[in-house]
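The values are calculated or read from the model by the stated rules, or taken from the named source; none is laboratory data. Keep in mind that this is a model prediction, so the values were computed, not measured. Cβ sites come from the backbone with ideal geometry, for glycine too, and all protein chains shown count toward neighbours. All accessible areas refer to the heavy atoms of the entire protein, side chains included, with ligands and DNA or RNA removed. Shrake-Rupley method; radii C 1.70, N 1.55, O 1.52, S 1.80 Å.
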Amino acid sequence: MKAAKYATGLTLGLMVTATLVTPAASAAPHSARADRLVLTNSDNGRTVARSVGDDTEIRLKASRERGLTYTWSMPSTRDAHVLARTVSGTTPAGDAYAVLHAESPGTSTVSAVRQCHPDPGYKCPLAIAPWKATIKVS
């Protein structure tokens, strides 16, 4: 009988937890929306077509190897009348992100720069690694 009460209480507790967690999960970023495209490190040089009203999310991940940490600058665009940056930032780990909203027809290039930060006793290569994507809004 004690085991049955425990199982019933556990089941009820899990149901309450699931109910409380579910709304938070559905309030996640809009990345699941059909009008949002996510571009990452591997999309460097890519050209994409978007429509007015669509969002394009940029997610650039930092990396670390052999005493060197490579971080990203915040993604930016020169044509704010075509793509308006609604959210952007960097993380302490060196990742960078932005959400760009397609405001009007036109073409805009989004760019960021990967920079090297060496640990003591290490040296960075002299090369700077740019990242860019072209977004055509119709």
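Testing G94 on (1) modelled with pLDDT under 95; (2) open to solvent by less than 80 Å² (accessible area, probe 1.4 Å); (3) part of a loop (DSSP other than H, G, I, E, B); (4) over 20 Å from S138 (Cβ atoms), one condition comes back false. Which one is that?
For G94, the failing item is (1).
Taking the stretch 48-91, which residues are over 12 Å from A102 (Cβ atoms), loosely packed, with under 14 Cβ neighbours inside 10 Å and under 13 Å from the mean Cα position of the chain (by Cα)?
V87, G89, T91
All but one of (1) in a loop (DSSP other than H, G, I, E, B); (2) within 20 Å of P130 (Cβ to Cβ) hold for S104, so report the exception by its number.
(2)
For residues that are closer than 16 Å to V137 by Cα, at pLDDT 90 or above and either assigned to a loop (DSSP other than H, G, I, E, B) or of a type in the set (A, V, I, L, M) (or both), tally how many sit in the stretch 24-57.
The number of residues fulfilling the criteria is 10.
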